[in-house]
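The values are calculated or read from the model by the stated rules, or taken from the named source; none is laboratory data. Here the structure is a predicted model, which means the values were calculated and not measured. So basically every Cβ, Gly included, is an ideal-geometry build from the backbone, and we count neighbours across all protein chains shown. In case anyone asks, the SASA skips ligands and DNA or RNA and just uses the protein heavy atoms, side chains included. Shrake-Rupley method; radii C 1.70, N 1.55, O 1.52, S 1.80 Å.
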Number of protein chains: 2
Amino acid sequence: MPDGDATKGEIKTPSCRFCHGSNGIAPRPDYPNLKGQQAEYLYNSMQAYLDGSRTGGMSSMMKAQLKNLSDQDIADISEYYSQMK
Amino acid sequence: MPDGDATKGEIKTPSCRFCHGSNGIAPRPDYPNLKGQQAEYLYNSMQAYLDGSRTGGMSSMMKAQLKNLSDQDIADISEYYSQMK
């Protein structure tokens, strides 16, 4: 996992907020909160959506959301949510 | 999802704590924190592990952990972690 930059991560999350909340608390009970989540878990989850190894739930939506992001983008986004207080 | 009982849920989580922490904060950065997570998301995730629709990550470990639990158990456990402060 590349070192993530939370400041850059914030800039890269305009679409994440609709489902995961602008404060990292999901507006729906069936969507996960991301606030304070483990950065490496988030990074691995997003990579697993991209490579298809993680299925179920909103996996196809997540894959579509992530497909244009680089590994560094994903690390930055992971760090951003992980550091959220 | 059945209505969950957090008090009963606590009793049903002896094995969860090894990977998710006794305080709901995972001891490893590649395992998810569960503290304060959305109950319905947790419930749906565990059901998806059980029915095989959720793959990737630690899905086979999770399926083994959950296989002897009832829907009510899973709702209680979900509520327990969701209410953790």
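Of all residues in the range B:5-30, those that are open to solvent by less than 30 Å² (accessible area, probe 1.4 Å) and either assigned to a loop (DSSP other than H, G, I, E, B) or touching a His at 6+ places or on another chain (Cβ under 7 Å) (or both) total 4.
Just one of (1) within 12 Å of chain A (Cβ to nearest Cβ); (2) free of Cβ contacts under 8 Å to residues at least 24 places away in the same chain fails for B:Leu66. It is (1).
Results for (1) touching a Phe, Trp or Tyr at 6+ places or on another chain (Cβ under 7 Å); (2) more than 7 Å from every other protein chain (Cβ to nearest Cβ); (3) surrounded by fewer than 18 Cβ atoms within 10 Å (Cβ to Cβ); (4) assigned to a helix (DSSP H, G or I), shown as yes or no for each residue.
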residue: B:Pro32; (1), (2), (3), (4): yes, no, no, no
residue: B:Gln37; (1), (2), (3), (4): yes, no, no, no
residue: B:Glu40; (1), (2), (3), (4): no, no, no, yes
residue: B:Tyr43; (1), (2), (3), (4): no, yes, no, yes
residue: B:Tyr49; (1), (2), (3), (4): no, yes, no, yes
residue: B:Thr55; (1), (2), (3), (4): no, no, yes, no
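Checked against (1) surrounded by fewer than 21 Cβ atoms within 10 Å (Cβ to Cβ); (2) within 12 Å of chain B (Cβ to nearest Cβ); (3) outside any loop (DSSP other than H, G, I, E, B), A:Met1 passes all but condition (3).
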